[in-house]
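Trainee: Before we start, here is the structure in question, set down as structure tokens.
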Amino acid sequence: MKLETFLCYDMMMHDPDYLPVTAAVIEKDDRILIARRKHAYMGYHWEFPGGKLEDNETLEECLKREILEELGITISVGRLISSRKHIINCQTAIVLYAYQAEYISGDISLTDHDEIAWVKPEDLPGYSFPDPDRQIVRELLKE
């Protein structure tokens with residue numbers, strides 16, 4: 001086993017405090033919104049937009065706030081699709097909560113992303129996602 005793999009495995013076994021992070025699977029006209037990060041942190045991958053939970057905030061409130069901040073749109077938050085723990089780059093421990101969401105209003109304006117796409121669910125595997133978001137794609141394709 002490579003040292004990096006061992007260290008990641010070791011972090012998971014010691015169950016560090018996981019940072020709660022939300023992701024929105026925003027649906028409109030039988031398509032799902034994905035956004036491409038413009039920062040190198042996530043390697044310019046596509047993702048389901050969302051963000052970190054702040055103090056005194058529910059996961060649903062976090063998701064609505066993050067989508068308004070990142071995309072300038074209002075959403076309604078639906079059911080929880082998945083929640084899964086991840087270690088990112090052997091440094092950051094997160095638990096990612098992915099929710100079904102519906103676009104309500106607003107014109108999309110990009111702040112953290114350089115591109116968006118409205119994609120048919122069956123076309124999602126053709127996009128480059130970081131591992132946490134790939135897990136969401138797998139969950140969506142199971143349904």
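Trainee: Could I have the simple spin-label model distance between residue 127 and residue 55, label points 7 Å from Cα toward Cβ, reported in nm to one decimal?
Mentor: Going from the residue 127 label point to the residue 55 one covers 3.5 nm.
Trainee: Determine which residues of region 108-139 fall in the zone a paramagnetic label at residue 29 would reach in this model, i.e. backbone nitrogen under 16 Å from the point 7 Å along Cα→Cβ.
Mentor: Answer for region 108-139: 108, 116-121.
Trainee: Could you name the lysines in cross-link range of residue 64, using Cα to Cα under 17 Å and dropping any fewer than eight places away on the same chain?
Mentor: Cα-Cα hits under 17 Å: 28, 52.
Trainee: Rg/Rh for region 3-142 to two decimals, with Rh computed the Kirkwood way over all alpha-carbon pairs. Could the numbers behind the result be given before it?
Mentor: Values: Rg = 14.9 Å, Rh = 15.4 Å.
Taking Rh as the inverse mean 1/r over Cα pairs, Rg/Rh reads 0.96.
Trainee: Same structure, new question: Obtain the nm distance between the two label points defined at residue 18 and residue 116 by a simple spin-label model: each point lies 7 Å from its Cα along the Cα-to-C-beta direction.
Mentor: Between residue 18 and residue 116, the simple spin-label model gives 2.8 nm.
Trainee: Determine the equivalent ellipsoid of region 68-142 by diagonalising the alpha-carbon gyration tensor, then write out the semi-axes as square roots of 5 times the eigenvalues, largest first, rounded to whole Å.
Mentor: Numbers: eigenvalues 93, 51, 42 Å².
Equivalent ellipsoid of region 68-142: 22, 16, 15 Å, largest first.
Throughout, read-outs are computed from the coordinates displayed, never taken from laboratory work. This is a predicted model, so every value here is computed, not measured. Glycine also receives a Cβ, built like all others from the backbone with ideal geometry; neighbour counts cover every protein chain displayed.
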